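Trainee: Take this structure, written in structure tokens, and hold onto it; I'll ask about it next.
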Amino acid sequence: MANYDLTPRIAPNLDRHLVFPLLEFLQERQLYENDQILKAKIELLNKTNMVDYAMDIHKSLYHTEDVPQDMIDMRAGVVARLKALEEAAAPLVEFLQNASAVQDLKADKQYNLQMLNDRYQIGPEQIEALYQYAKFQFECGNYSGAADYLYQYRALCTNSERSLSALWGKLAAEILMQNWDIALEELNRLKEIIDSKSFSSPMNQVQSRIWLMHWSLFIFFNNDNGRTQIIDLFNQDKYLNAIQTSAPHLLRYLATAFIVNKRRRPQFKDFIKVIQQEQHSYKDPITEFLACVYVNYDFDGAQQKMRECEEVILNDPFLGKQVEESNFSTIPLRDEFLENARLFIFETYCRIHQRIDMGVLAEKLNLNYEEAERWIVNLIRSSKLDAKIDSKTGSVIMEPNHPNVYEQLIDHTKALSGRTYKLVSQLLEHAQAQTAR
């Protein structure tokens, strides 16, 4: 299953601290040799200030209590640097810890900067020191302190680029502390800036969207409504284009969200076209399952892919973690995926055949005869299926489903409206780009 591990593709689009939870998961799943994971952790840690953690891993990897001298020297350097930054930021930190003094701050940043300078002799140097102190705290693994200081820094910062950098840091800290609701707020705030900001080149904006989508995986698969939110974000034209251009592996998560989503989306048909288009650049059992069912009508292939999908989900750091914890869903994602996957196969198979042998159907659904019969009976009872079972012949008879002309007209009108809106948006963007030049 290591062949389907997306960590090597995902990691370059994450802050290095966000890679640690993925490595922890892979270590638990034993997809790789333990020494490989430990070496990867040390390589990540060498570019952070988490020296004590690196020392512990070094001892575990090499089965020794001794650590290299360069680690000891690095630790001394980190402690000295932390002390220096703490002293530089102290006047502003002391002010921010004074509740009565903070009440003097207003929504007007320029007023605040003037007031801090006049009353407390706090100027740009101290504000910059707060940013550096917060950043250093983050690199040391103190995510709580970093989040607080970055929030306070953004309230005073007038440099839009530096403020954006602080927002990325704040988002990473909230993710690492598993503050999912706050992280979602920061994610939405960041998306709004990325979509409205004027970038030096279009590719920089595309890259920012790619980073945002990768970081969002932590949040969406740990949020009550995440399966809907990931469709709302990833399936937007600008974000879907970014996926197709530079990150087709993200199709795994969008495909999973479509499959487990309780409400079938009208965009699903268009998404199947994307799966078909991108088969040459990316495929895994989850995307191949959809291709088997909706493109090739290969139901035997779909059955095989469904079994592989279960393994992929269990060993994916985002999908598998949710299965393990099942912290907000009464049905684990794996079970919900398999249930809906069977429904996809069944619905498509039934559109082709009016009378279906129960034994054949059981085989296609990867169930035994009794399980298949119970499953179909439950579908009929819950009004999800317009059919009846012929017990004598052991077959399912589909009721003819005549399309509603008015519903078809409404659907076509909605589709036309959507395409018109997309075309107008593209023309406006092109016009704005020309004006900017």
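The values are calculated or read from the model by the stated rules, or taken from the named source; none is laboratory data. All figures in this text were calculated on a predicted structure; none of them were measured in a lab. Reconstructed Cβ throughout: ideal geometry from the backbone, glycine too, with neighbour counts over all protein chains shown. Heavy atoms of the whole protein, side chains included, go into the accessibility calculation; ligands, DNA and RNA do not. Shrake-Rupley method; radii C 1.70, N 1.55, O 1.52, S 1.80 Å.
Trainee: Do any helices (runs of 4 or more DSSP H) lying entirely in the stretch 1-115 carry at least 1 residues that are under 36 Å from the mean Cα position of the chain (by Cα) and modelled with pLDDT of 95 or more, and which ones are they? So that I can check it myself, show each step before the final result.
Mentor: Numbers: elements: 7-10, 16-29, 34-45, 51-62, 69-96, 99-102.
By residue number, 7-10, 16-29, 34-45, 51-62, 69-96.
Trainee: Restricting attention to the stretch 334-384, and to residues there that are outside any helix (DSSP H, G or I) and open to solvent by less than 20 Å² (accessible area, probe 1.4 Å), which single residue is nearest to Gln304 (Cα to Cα)?
Mentor: Taking the stretch 334-384 and keeping what is outside any helix (DSSP H, G or I), we get 353-357, 365-368, 382-384.
Filter once more, so that each one left must be open to solvent by less than 20 Å² (accessible area, probe 1.4 Å): 356, 365.
Values: Ile356: 20, Leu365: 10 Å.
It comes out as Leu365.
Trainee: Please identify the pairs in which a residue from the stretch 149-169 that is under 18 Å from Glu192 (Cα atoms) has its Cβ atom under 6 Å from the Cβ atom of a residue that is assigned to a helix (DSSP H, G or I) and among the hydrophobic types (A, V, I, L, M, F, W, C), counting only partners at least 6 apart or on another chain.
Mentor: Final answer for the pair search is Arg154/Ala166; Ala166/Leu150; Leu167/Leu190; Gly169/Phe138; Gly169/Leu150.
Trainee: Being farther than 17 Å from Asp232 by Cα and part of a helix (DSSP H, G or I) is the filter here, so list the residues in the stretch 257-285 that pass it.
Mentor: Initially, the stretch 257-285 is screened for residues farther than 17 Å from Asp232 by Cα, giving 273, 275-285.
Listed by number, the residues that qualify are Lys273, Ile275, Gln276, Gln277, Glu278, Gln279, His280, Pro285.
Trainee: Of everything in the stretch 67-120, what is exposed (fewer than 11 other Cβ atoms within 10 Å of the Cβ), more than 23 Å from Glu139 (Cα to Cα) and of a type in the set (Asp, Glu)? Give them in sequence order.
Mentor: Of everything in the stretch 67-120, those that are exposed (fewer than 11 other Cβ atoms within 10 Å of the Cβ), more than 23 Å from Glu139 (Cα to Cα) and of a type in the set (Asp, Glu) turn out to be Asp108, Asp118.
Trainee: When you check Gly145 against the structure, is it modelled with pLDDT of 95 or more, open to solvent by less than 40 Å² (accessible area, probe 1.4 Å) and assigned to a helix (DSSP H, G or I), yes or no? Before the answer, list the steps.
Mentor: Numbers: modelled with pLDDT of 95 or more: yes; open to solvent by less than 40 Å² (accessible area, probe 1.4 Å): yes; assigned to a helix (DSSP H, G or I): yes.
Judged against the criteria, Gly145 is a match.
Trainee: So, one more: Out of Ser246, Ser281, Ser216, which single residue is open to solvent by 40 Å² or more (accessible area, probe 1.4 Å) and within 17 Å of the chain's Cα centre (by Cα)?
Mentor: Values: Ser281 fails: within 17 Å of the chain's Cα centre (by Cα); Ser216 fails: open to solvent by 40 Å² or more (accessible area, probe 1.4 Å).
Only one candidate qualifies: Ser246.
Trainee: Would you call Gln178 in a loop (DSSP other than H, G, I, E, B), open to solvent by 40 Å² or more (accessible area, probe 1.4 Å) and modelled with pLDDT of 95 or more?
Mentor: Numbers: in a loop (DSSP other than H, G, I, E, B): yes; open to solvent by 40 Å² or more (accessible area, probe 1.4 Å): yes; modelled with pLDDT of 95 or more: yes.
Answer is yes for this residue.
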